[in-house]
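S.K.: Got a structure here, written out as structure tokens. Questions coming.
The values are calculated or read from the model by the stated rules, or taken from the named source; none is laboratory data. Since the model is a prediction, treat every value here as computed from it, not as a measurement. Note that each Cβ is placed from the backbone with ideal geometry, even for glycine, and that neighbours are counted across all protein chains shown.
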Amino acid sequence: MRTILVCECKQEISSFNPVLSRYEDFLVDWGEAFLAYHRRVRTEVGGALSVFDQYPDVRLAGGYCARGITSAGTLESAGFARLAREFLDAVRAAGPVDGVYFALHGALAAEDVEDCEGYLLEETRKIVGERLPVSVSFDLHGILTDRMLRHASVASVYHTNPHVDFFETGARAARLLMRLMDGEIRPASIRVPVPALVRGPQCMTATGRIRTCVERASACLSGGMFIGNPFTDVADLGSNVFMTADGDEAATVAEAEAIATEFWNMRQFLQQKLSSLEDSARMAAAATGRVVLIDAADATSSGAPGDSNAIVAELLRQGCQRTVLAPIVDAAAVDQASAAGVGATITVDVGGSLDPRYTPLRVTGVVRVLSDGCMRSESHGEAWYAGRSAVVQCGPATLVLTSRPVSLYDRTLFLANGQDPAAFDMTVVKSPLSQRRFFEEGAQKLINVDAPGATSANLQSLGHTRCARPLWPLDPIDDYRPQARVFRRQA
Ligand SMILES: [Zn+2]
């Protein structure tokens, strides 16, 4: 029998979210319960298990799992210390194993640790030794570091954005681990940093210009693009071409550098065009069909707090009478709605309770729905928790208020609270990219709004202080020459 240890630690943070996240913002699980959860969902671990389960001689050791409930602000020191201790204790407790699979993100940063995933991998190596096969999967928004690649034997990364290949990525990582354990491959990881932050529709892998880079980079043992989360302000922030050689190192290095040049040359297309808040509200009010107002500046799945009321406030200020559906995180407003009860009319301040970029907006409305905020994601079936939630209808604005942030890249929150976006003239979508089927189909207009926020695509508005400079588009860069870094572990 061969034993494989499986662990997970996934979270993405925005350094510009003023609210630090805590240990309590993670769903933590151990052992069999952790594996049992993933057998029911289309996650990386789920994909990996589907591969491992095909081997009668493989025994799985369920280790430790910490999944961010949703993306968030920088993790408190004490929170990461506890999470890392539990993770590494689980690695120790597994005893001698034949291989390791970790599902990580790549954009988790704590107050005192910038590269949390690199730290977990480095500390794991101290426990399992230098030669043990360790296969790791990452998010395409991960910030790839030398430390990660020094300690992983082989890495995998999503090929899709918006992400629809969690399961497939985990399955690839598992197959690589099996081949590594069988001595079939001798991978060398190649990283080519590109000093560019990218956003916008051309970063969509199905339709955008980035597609050719992803296809080229993935045409090897394991590869893809790491475009980073532009809001995780750490030293290594930037984009990377990632490829894995298996006996063809020189050719793979040359190809990775060529892809980096291709990516660099298309960087000006990989930006998000934005309309001012005022213009956006005016355009939405003037439309005759359904409008999607994209508020990527308060994208909870990128690490924003979710308490922006900016678009609703501007629509109301302009006297717009078209119906709008919008999510706002505001625990105190939910409390007030809950205390009043369904059917009651309340006057309540909404938004701006977490991020001082926003001013609380006073509204009067009717409490339509109260819920516990427990949902199943329509995208992947995962359990999501928005905390106690309330729907308050304030004239043309229907606000879905939640106690805590939850991912908003699909309709889960709206539908779970009885609100179908298709029934509204306008929907505020706090996510940069969503699958077309959720909001865009049947919509007359999509407006990318330049609202203030911790995850604004207006990158210059954020005030990066820690990332290595120069970094385009924050700084002009005249000449860029790709330089590959190669990481090879002992066989
Ligand atoms: Zn991502």
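S.K.: Restrict the check to region 142-158 and report whether at least one residue is crowded, with 24+ Cβ neighbours inside 10 Å and closer than 21 Å to residue 39 by Cβ.
M.R.: Yes, region 142-158 contains a residue that is crowded, with 24+ Cβ neighbours inside 10 Å and closer than 21 Å to residue 39 by Cβ.
S.K.: Looking only at region 140-195, count every residue that is in a loop (DSSP other than H, G, I, E, B), more than 19 Å from residue 235 (Cβ to Cβ) and within 19 Å of the chain's Cα centre (by Cα) and tell me the total.
M.R.: Residues flagged as in a loop (DSSP other than H, G, I, E, B), more than 19 Å from residue 235 (Cβ to Cβ) and within 19 Å of the chain's Cα centre (by Cα) within region 140-195 amount to 9.
S.K.: Among the residues of region 182-203, which ones are crowded, with 24+ Cβ neighbours inside 10 Å and in contact with a strand residue (DSSP E or B) (Cβ under 6 Å, 6 or more places away or on another chain)?
M.R.: 187, 189, 190, 192, 194, 196
S.K.: How do the helices (runs of 4 or more DSSP H) wholly within region 239-331 filter down when requiring 2 or more residues that are under 30 Å from residue 192 (Cα atoms): which remain?
M.R.: 249-265
S.K.: Sort through 200, 129, 208 and tell me the only one that's closer than 26 Å to residue 3 by Cβ and not assigned by TED's automatic domain parsing to the domain that holds residue 379.
M.R.: Within the list 200, 129, 208, the selection yields 129.
S.K.: Separate question: Could you say which residue among 352, 373 is in contact with a Phe, Trp or Tyr (Cβ under 7 Å, 6 or more places away or on another chain), more than 16 Å from the ligand (Cβ to nearest atom) and under 17 Å from residue 386 (Cα atoms)?
M.R.: 373
S.K.: Can you find, within region 228-248, the residue that is surrounded by the fewest Cβ atoms within 10 Å (Cβ to Cβ) among those that are away from the ligand (no atom under 16 Å from the Cβ) and within 16 Å of residue 482 (Cα to Cα)?
M.R.: The extreme case among them is 236.
Condition check ((1) within 16 Å of the ligand (Cβ to nearest atom); (2) touching a residue at least 60 places away in the same chain (Cβ under 8 Å); (3) touching a Phe, Trp or Tyr at 6+ places or on another chain (Cβ under 9 Å)) across all residues:
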site: 178; (1), (2), (3): no, yes, yes
site: 272; (1), (2), (3): yes, yes, no
site: 282; (1), (2), (3): no, no, no
site: 288; (1), (2), (3): no, yes, no
site: 294; (1), (2), (3): no, yes, yes
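Residue by residue, here is whether (1) surrounded by 20 or more Cβ atoms within 10 Å (Cβ to Cβ); (2) at pLDDT 95 or above; (3) more than 15 Å from residue 372 (Cα to Cα) holds:
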position	(1), (2), (3)
405	yes, yes, no
411	yes, yes, yes
414	yes, yes, no
417	yes, yes, no
425	no, yes, yes
429	yes, yes, yes
436	no, no, yes
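S.K.: Can you list residue pairs whose Cβ atoms sit under 7 Å apart, with the first residue in region 237-253 being farther than 27 Å from residue 267 by Cβ and the second being crowded, with 24+ Cβ neighbours inside 10 Å? Count only pairs 6 or more apart in sequence or on different chains.
M.R.: 246/187
Let's see how each residue does on (1) away from the ligand (no atom under 16 Å from the Cβ); (2) surrounded by 19 or more Cβ atoms within 10 Å (Cβ to Cβ); (3) not in a helix (DSSP H, G or I):
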position: 85; (1), (2), (3): yes, no, no
position: 100; (1), (2), (3): yes, yes, yes
position: 103; (1), (2), (3): no, yes, yes
position: 112; (1), (2), (3): yes, no, yes
position: 117; (1), (2), (3): no, yes, no
position: 126; (1), (2), (3): yes, no, no
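S.K.: Have a look at 101, 119 and point out the one that is aromatic (Phe, Trp, Tyr) and under 27 Å from residue 379 (Cα atoms).
M.R.: 101
S.K.: Do the conditions hold for residue 72, that is, is it surrounded by fewer than 23 Cβ atoms within 10 Å (Cβ to Cβ) and hydrophobic (A, V, I, L, M, F, W, C)?
M.R.: It is false that residue 72 is surrounded by fewer than 23 Cβ atoms within 10 Å (Cβ to Cβ) and hydrophobic (A, V, I, L, M, F, W, C).
S.K.: Shifting gears a bit: Hey, residue 310 hits all of (1) surrounded by fewer than 23 Cβ atoms within 10 Å (Cβ to Cβ); (2) modelled with pLDDT of 95 or more but one; which does it fall short on?
M.R.: With (1) surrounded by fewer than 23 Cβ atoms within 10 Å (Cβ to Cβ); (2) modelled with pLDDT of 95 or more applied to residue 310, the lone miss is (1).
S.K.: Of the residues that make up region 155-164, is at least one away from the ligand (no atom under 15 Å from the Cβ) and aromatic (Phe, Trp, Tyr)?
M.R.: no
S.K.: Can you name every residue in region 323-378 that is under 18 Å from residue 398 (Cβ atoms) and of a type in the set (D, E, K, R)?
M.R.: Answer for region 323-378, where residues must be under 18 Å from residue 398 (Cβ atoms) and of a type in the set (D, E, K, R): 330, 349, 362, 368.
S.K.: If you check residue 332 against the conditions, is it buried (at least 17 other Cβ atoms within 10 Å of the Cβ) and without any contact (Cβ under 8 Å) to a residue 40 or more places away in the chain?
M.R.: When the stated conditions are applied, residue 332 does not pass them.
S.K.: Filter region 130-145 down to residues that are within 22 Å of residue 228 (Cβ to Cβ) and without any contact (Cβ under 8 Å) to a residue 60 or more places away in the chain and give me whichever is farthest from the ligand (Cβ to nearest atom).
M.R.: 135
S.K.: Report whether or not residue 81 is over 15 Å from residue 173 (Cβ atoms), surrounded by 23 or more Cβ atoms within 10 Å (Cβ to Cβ) and not aromatic (Phe, Trp, Tyr).
M.R.: no
S.K.: On to the next question. What number of residues in region 198-238 are among the charged types (D, E, K, R), in a loop (DSSP other than H, G, I, E, B) and touching a Ser or Thr at 6+ places or on another chain (Cβ under 6 Å)?
M.R.: Counting residues in region 198-238 that are among the charged types (D, E, K, R), in a loop (DSSP other than H, G, I, E, B) and touching a Ser or Thr at 6+ places or on another chain (Cβ under 6 Å) gives 2.
S.K.: Of the numbered conditions (1) modelled with pLDDT of 95 or more; (2) of a type outside the set (Lys, Arg); (3) under 18 Å from residue 19 (Cβ atoms), residue 69 satisfies every one except a single condition; which is it?
M.R.: (1)
S.K.: Every residue in region 128-141 that is crowded, with 24+ Cβ neighbours inside 10 Å and more than 18 Å from residue 65 (Cα to Cα), please.
M.R.: Passing the criteria: 133, 140, 141.
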